[in-house]
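Undergrad: First, the structure itself, so that you have it in front of you.
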Amino acid sequence: QVQLVESGGGLVQAGGSLRLSCVASGSIVRFNAMGWYRQAPGKQRELVAGITRDGKTNYDDSVKGRFTVSRDNAKNTVYLQMNSLKPEDTAVYYCTARQTVLRPTGPYESDYWGQGTQVTVSS
C-alpha cells in the first residue's frame, strides 16, 4: 500500500505565498507522474500542476507564472510553490501520484491520492 501525506496548507493573505509538500511512503516502486489537484466548495476537482519523472511540467492556465511544481525522486516527494496567491485559489489541495508496475499480464497503473490540505486566501 502507498500513502501520500500533504502538508503546508493554511491561511494567507492575498499576494502571499505558501509551499505545499507531499511525501509518499509504503510499497513504492517508481512513480511516473506526480502532481496537485484542487477542489473549491461547490466545484469539481481540477488539475493545478503536474510533473513527470524527468521533470516535464504542465499547469492550469489560472496558475501559470505564479505556481511552481517540483519533485525529489529520491525522497518520493512533490512540492507546490504558490506565489501571488489570490482568493480564488482557496480550495482543498490534493497530492496525487501514478505508479506503473509491469506484471506478466501487462502494465498495471495505480493512482494514489493524499487526504488533502486546506489553502485559504483572504482578500
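Undergrad: What pairs come up if the first residue lies in segment 98-123 and is within 20 Å of residue 54 (Cα to Cα) and among the aromatic types (Phe, Trp, Tyr), the second is open to solvent by 90 Å² or more (accessible area, probe 1.4 Å) and outside any strand (DSSP E or B), and their beta carbons are under 7 Å apart, counting only those six or more places apart or on different chains?
TA: Short answer, once both residue conditions are applied: none.
Undergrad: So, in segment 1-48, of the ones that are of a type in the set (Gly, Ala, Ser), touching a residue at least 60 places away in the same chain (Cβ under 8 Å) and part of a loop (DSSP other than H, G, I, E, B), which residue ends up least open to solvent (accessible area, probe 1.4 Å)?
TA: 16
Undergrad: Return the residues of segment 114-123 that are closer than 18 Å to residue 76 by Cβ and surrounded by 14 or more Cβ atoms within 10 Å (Cβ to Cβ); say none if nothing qualifies.
TA: Correct list: 114, 117.
Undergrad: Follow-up question, since we're still on this one. Which ones in segment 54-77 are of a type in the set (A, V, I, L, M, F, W, C) and either touching a Phe, Trp or Tyr at 6+ places or on another chain (Cβ under 7 Å) or modelled with pLDDT of 95 or more (or both)?
TA: Matches in segment 54-77: 63, 67, 69.
Undergrad: So, in segment 89-113, how many residues would count as being open to solvent by 60 Å² or more (accessible area, probe 1.4 Å) and hydrophobic (A, V, I, L, M, F, W, C)?
TA: Number of matching residues: 2.
Undergrad: Conditions first: (1) at pLDDT below 95; (2) touching a Gly at 6+ places or on another chain (Cβ under 8 Å). Residue 96 passes all but one, so which condition is the exception?
TA: Every condition holds for residue 96 apart from (1).
Undergrad: Starting from residues that are open to solvent by less than 20 Å² (accessible area, probe 1.4 Å) and touching a residue at least 40 places away in the same chain (Cβ under 8 Å), keep the ones in segment 64-88 and report whichever is farthest from residue 36 (Cα to Cα).
TA: 85
Undergrad: While we're here: Sort out which residues of segment 78-118 are charged (D, E, K, R) and under 16 Å from residue 66 (Cα atoms), and write them in order of number.
TA: 86, 88, 89 - these are the residues of segment 78-118 that are charged (D, E, K, R) and under 16 Å from residue 66 (Cα atoms).
The values are calculated or read from the model by the stated rules, or taken from the named source; none is laboratory data. All values reported here derive from a predicted model rather than from experimental measurement. Don't worry about glycine lacking a Cβ; one is built from the backbone with ideal geometry, like all the others, and counts go over all protein chains shown. The protein model used for the area step is the full one, side chains on, heavy atoms only, and it has no ligands, DNA or RNA in it. Shrake-Rupley method; radii C 1.70, N 1.55, O 1.52, S 1.80 Å.
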